[in-house]
Every structure is written in structure tokens, then in C-alpha cells.
Amino acid sequence: MSTTAAPAPGKKTNRINLEVATYRGGKTTLCAGCGHNAISERIVDAFWEMGVDPSRVIKLSGIGCSSKSPAYFLGGSHGFNAVHGRMPAVASGAMLANKFLMPIGVSGDGDTGAIGAGQFVHLMRRNIPIIYIVENNGCYGLTKGQLSPTADVGSKLKNGVVNDLLPMDLCALAIQLGATFVGRSFSGDKKQLSALLGAAIAHRGTVLLDVISPCVTFNDHEGSTKSYSYVKEHDDPVSEISFVPFFDDITVDYEPGTTQTVTMPDGSRVFLKKLDDGYDPHSRIAALTLLQESADKGEFATGLIYIDANKPTFTDLLNTVDVPLSMLGEDKTRPSRAALDEIMARLR
Ligand SMILES: Cc1ncc(C[n+]2csc(CCOP(=O)(O)OP(=O)(O)O)c2C)c(N)n1
Ligand code: SF4
Ligand SMILES: [Mg+2]
């Protein structure tokens, strides 16, 4: 789909003159009611509202129902569907080769927490600019619903099997390892997820969004802690989040002392209306404590859990070249004869 086609007369367009249809993808082949479909819809809206040029975006994923979803949004963007659990290596390579790309990775709790755990850990450490979304249903949906590493203790499968291993908390892991924007949400919470996605687009660094996304076919029954009804009842938002993009002049009036404003690197603003006394998402210790306390109560702390908008990214630290590697001429990529001779002399 061309990103430069003129919009149809009378159609609503965004700040780069594109219709929302340009940000859609193919028709979903996932089950009707799957949480992953709702997340794709929020991604379409967020990229359209922010006016991101789809030709700058690269969509990345591994294997799973969740990893199929990049096919259902941003049809005109670049894409790479990697093998199971290996999306982080491909994303890192893409960003090192061309730092002007905007990568969005979509993975599952199995793809990230099981086979891809090693890759996930090292991506989080580097603060590579990427929006990494885990569509978390607590099971391996694509292979018929086996328990995944994010399944909670006591959560029951349809066949009666009960999980008795401690779950992996992907948000806690990401914060501990160095990710600079960490949020948790629920596929059924349109307002919160849209605000988090807008802020994620405005961030520079590694974003980890753990989105609870029920699997209606294999993990939405009584006894499952990742069912729609269980998540709705145990969703514990840490603050009420609103997002105002840098190109909007909107001023939001909140009673003094009730709201914290976070300014993103591009000038966009995030307003966090306090629900929990004095919670500060800039504190790593507060974030880890919050996650542990909420898990101990059997709840899901959602919202913006942690942010550090100023940490240098991996591409800043490495001082990678501005020009994409594929566009650098031989005069830049090939060492001169004298430089090669000098290296050879040192090895003799
Ligand atoms: C190397 C390899 N091992 C195992 C599989 C089988 N397999 C496919 S998807 C998947 C897990 C998917 O679970 P998750 O990432 O949570 O995605 P979901 O389907 O739940 O969205 C597994 C184990 C595979 N495709 N490749
Ligand atoms: S099997 Fe589950 S995760 Fe996969 S598409 Fe269906 S509802 Fe979604
Ligand atoms: Mg899953």
C-alpha cells in the first residue's frame, strides 16, 4: 500500500495527510474475540494519531498467534517475521544498520519468556530504541494452550492441569535489566492502552509493554487467571494515564498535586493522575515493589510502571553512523590499502 497516495476527498487525515486506512493491514486470521486483535486495532490508531510515516516503521515478530499479528496492521511498513524467540536479534541488527527505523516488535509470553528468554534479556539490557509488545495470554495459544512461563500459580488449564510454578514477571525483569519505558495493560482497556502506545511512540529507548491479552479459545475459562473476567476484576491501575502528542496544544487542568506530568523526548506529554498515593514511575525500586506487592495480592498493576526518558540508547553509546549502512559507499566501508597494510604489519 502506498503511503503517498492522495486521501479521498472528505476523508479524515492525520498530520502527514494520511487516512487511517493506510495504517491497517490484512484481515485477521486469529479467533474472533482474541485479545491480540484488539491490540492490533490500538496500534493502528496510535500510529495514525501520532502521524508516524509507515515507511519508517519495521514490524518484527517471532512465532505464535501474537507473532502473526503484525500482518494485521501497518500494511505499508517493512516487516520481518523471525523464527521462534529470535526477534530481538533481528531487531538489534536492523537498528544497528539503520537507526532512523522505528521498530515495533510483537511477541507472545511463550515466544518471549520460554524459547526467547535469553534474547529478550539482552535486548532489554541495551536500551535499543524499540517498542516491544508482549501479547500475554499465559499460554501457548498457537499450539493449543499449554502453560507458558507467565502462567500464575494456581491457574488452571481447560483440561484441569494446575500450574504450580512461579510466573515470570516480564515487567519486573525488563526494569531490572535496563528497559527505559515499562508498562502493563489489558487488551480490553482501550483508553489506557492507547495512551501507553502514544507515549511509547514518543519515547527513545527500549519500551516493554506487557499487555494481558486473553486467549478466548484455550485460556478464558473459570480457574484461569488470564481470562477476561479475572483480569477485569483484578486490574489495579497505578494511575490514570492521558497522553498529549507534541503537535497538540491542549492544556489539561488538573487540581494541583493530583497529577504528575512526564515530558517525553519529542515534547509530547504524559499526564498521570494519581490513584495510588505518591507513586513515582521514575523510581526503579518503587516500580519493582509495586509489581511484587500487586502480584502477591493476585492483582495486575497496570499503567505506566517505570520510565527513564534520559538514558542514552545503544545507538547513541556506539555512535553509529547517521547514514543507513546499505547507503554508505565503498569509500566509507572499505579500509584503504594503507590501513590494511598497517593491520597486516601488526599481525606479523
Ligand atoms: C523452534 C520451535 N519450537 C517450538 C515451536 C512450536 N511453537 C509454535 S508457537 C509456540 C508458542 C507460542 O506461544 P506464545 O508466544 O505465547 O504465543 P500465542 O500463540 O500464545 O500468542 C510454540 C511452542 C516452534 N514453532 N518452533
Ligand atoms: S488460539 Fe488463542 S491466542 Fe490464538 S488466535 Fe485463538 S484466541 Fe488468539
Ligand atoms: Mg501466549
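Here, each number is a calculation from the coordinates, and none is a lab measurement. Just so you know, these numbers come straight off a predicted model, no measurement behind them. For neighbour counting, all protein chains shown are included, and Cβ atoms are generated from backbone atoms with ideal geometry for every residue, glycine included.
What to note about this one:
- Checking every residue in the stretch 92-104 against the condition of being among the small types (Gly, Ala, Ser), farther than 28 Å from Ala151 by Cβ, away from ligand 3 (no atom under 16 Å from the Cβ) and touching a Ser or Thr at 6+ places or on another chain (Cβ under 6 Å) gives zero matches.
- Tabulated pairs, the stretch 146-157, first within 12 Å of Asp169 (Cα to Cα), second β-branched (Val, Ile, Thr) and within 10 Å of ligand 3 (Cβ to nearest atom), C-beta under 9 angstrom, 6+ apart or interchain: Pro149/Thr112; Thr150/Thr112; Thr150/Val134
- Flag if Ile133 is within 14 Å of ligand 1 (Cβ to nearest atom) and not in a helix (DSSP H, G or I): yes
- Residue list for the stretch 145-168, filter: of a type in the set (Gly, Ala, Ser) and over 24 Å from the mean Cα position of the chain (by Cα): Gly154, Ser155, Gly160
Residues checked against (1) of a type in the set (Lys, Arg); (2) in contact (Cβ under 8 Å) with a residue 60 or more places away in the chain; (3) away from ligand 1 (no atom under 16 Å from the Cβ); (4) in a strand (DSSP E or B):
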position	(1), (2), (3), (4)
Leu193	no, yes, yes, no
Leu197	no, yes, yes, no
Arg204	yes, yes, yes, no
Leu208	no, yes, no, yes
Asn219	no, yes, no, no
Ser224	no, yes, no, no
Ser229	no, no, yes, no
Ile241	no, yes, yes, yes
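- Selection status of Asp111, among the charged types (D, E, K, R), crowded, with 17+ Cβ neighbours inside 10 Å and within 22 Å of Asn81 (Cβ to Cβ): yes
- The residues in the stretch 163-183 that are away from ligand 1 (no atom under 16 Å from the Cβ), in contact (Cβ under 8 Å) with a residue 40 or more places away in the chain and not in a helix (DSSP H, G or I) can be counted, and the count is 6.
- Residue among Val83, Val52 that alone is of a type in the set (A, V, I, L, M, F, W, C), in a loop (DSSP other than H, G, I, E, B), within 30 Å of Thr143 (Cβ to Cβ) and more than 16 Å from ligand 2 (Cβ to nearest atom): Val83
- Selection over the stretch 303-331 of residues that are over 27 Å from Val238 (Cα atoms) and of a type outside the set (S, T, N, Q) gives a count of 14.
- With respect to being more than 16 Å from ligand 2 (Cβ to nearest atom), surrounded by fewer than 23 Cβ atoms within 10 Å (Cβ to Cβ) and closer than 20 Å to Ala295 by Cβ, Gly160 falls outside the description.
- Residues of the stretch 60-75 satisfying the condition of being away from ligand 1 (no atom under 13 Å from the Cβ) and either hydrophobic (A, V, I, L, M, F, W, C) or buried (at least 24 other Cβ atoms within 10 Å of the Cβ) (or both): Leu60, Ala71, Phe73, Leu74
- One residue stands out among those in the stretch 86-117 that are aliphatic (A, V, I, L, M) and not in a helix (DSSP H, G or I): the one that is nearest to ligand 2 (Cβ to nearest atom), which is Val106.
- Qualifying residue in the stretch 46-53 (condition: of a type in the set (D, E, K, R), crowded, with 17+ Cβ neighbours inside 10 Å and out of contact with any strand residue (DSSP E or B) (no Cβ under 8 Å at 6 or more places or on another chain)): yes
- Selection status of Leu142, surrounded by fewer than 24 Cβ atoms within 10 Å (Cβ to Cβ), over 15 Å from the mean Cα position of the chain (by Cα) and near ligand 1 (Cβ under 9 Å from one of its atoms): yes
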